[in-house]
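These notes concern the structure reproduced below.
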Amino acid sequence: FSLTDAYGKTENLSQSLGRITLVNFWATWCPPCVHEIPSMNRLAAAYDKKDFGIVSINFKEDPEHVLAFLKRVDVDFPVLLDRDGAVSGRWRVFAFPSTFLLDQNGNIRYSVNTAIEWDTEEAKAVIDKLLKEARAAK
C-alpha cells in the first residue's frame, strides 16, 4: 500500500520492511476498533521502534473526520486513510477490525478478524517469535 494520513503525509508498506509490523484496518464508527487502540498504544511502547511498528488503515472516512477523532483519542501510531476502500479490498478485509502481523519481509504471519487486547503475553509471544526469527535471519 501507499496511503496518506489525515495530515497529508504518505507512507507505504516498503517503509515497514526490516521490522515486524502490525497492520490494523479499522474505522471510527466501529466500537471494538476504538476499544483496542489503547492496547495497541501500550504494545507499540513495549518494543523498540526499529524492531516493531504499528500502522493503522482507516476505512473510507474523510480526513476531517479522522482528525477530529484523533483530537479525542490518543493514537500513538500512524493512521493512514483508505479513502476508497481499495487497499482494504486488496487485503481481503471482510470485518472490522482486521489486523495482520507481518514479518520483516512483509509476509503475513498472523491475522485476527476481531478486536483483542494487543498487549497481552499471548500476543507478545507471537511478536517475540517473529523478532527472534528476524534476528536469526540477519
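The values are calculated or read from the model by the stated rules, or taken from the named source; none is laboratory data. In this text, all values refer to a predicted model and were calculated from it rather than measured experimentally. Every residue, glycine as well, gets a Cβ built from its backbone with ideal geometry; the counts of neighbours run over all protein chains shown. Remember, those area values only see protein heavy atoms, side chains included, never the ligands or the DNA or RNA. Shrake-Rupley method; radii C 1.70, N 1.55, O 1.52, S 1.80 Å.
Odds and ends about this structure:
- Each of Gly18, Trp91, Leu3 was scored by the projection of its Cα onto the charge dipole of the chain, and the greatest displacement toward the positive side belongs to Gly18; charges sit on the C-beta of Lys, Arg, Asp and Glu.
- Amide H contacts under 5 Å for Glu61, placed H, 5+ residues apart: Asp82
- Summarising the amide proton neighbourhood of Gly18: residues at separation of 5 or more, or on other chains, whose placed amide H is nearer than 5 Å comprise Asn105, Gly106.
- Reference-scaled alpha-carbon Rg (2.2 N^0.38 Å with N residues) for the stretch 1-75: 1.11
- Computed from point charges on the beta carbon alone (+1 for Lys and Arg, -1 for Asp and Glu), the dipole magnitude for the stretch 8-92 about its Cα centre is near 140 Debye.
- For the stretch 42-138, the residue among Ala68, Ala134, Ile116 whose Cα projects farthest onto the positive side of the dipole built from Cβ charges is Ala134.
- What a 1.4 Å probe finds exposed on the stretch 28-138 is 53% carbon and sulfur by accessible area, rounded to a whole percent.
- Taking Gly89, Gly53, Gly106 as the candidate residues, the one with maximal mean-square fluctuation in a Gaussian network model of the chain, Cα springs under 10 Å, is Gly89.
- DSSP beta bridges in the chain [antiparallel fraction, %, rounded to 5]: 55
- Dipole in debye (nearest 20) - the stretch 25-138, about Cα centre, beta carbon charges: Lys, Arg +1; Asp, Glu -1: 340
- Taking Cβ atoms as reference points and 15 Å as the exclusive limit, the residues near Val23 contribute a net charge of -1, counting Lys and Arg as +1 and Asp and Glu as -1.
- Computed over protein heavy atoms with a 1.4 Å probe, the accessible surface of the chain works out to 52 Å² per residue.
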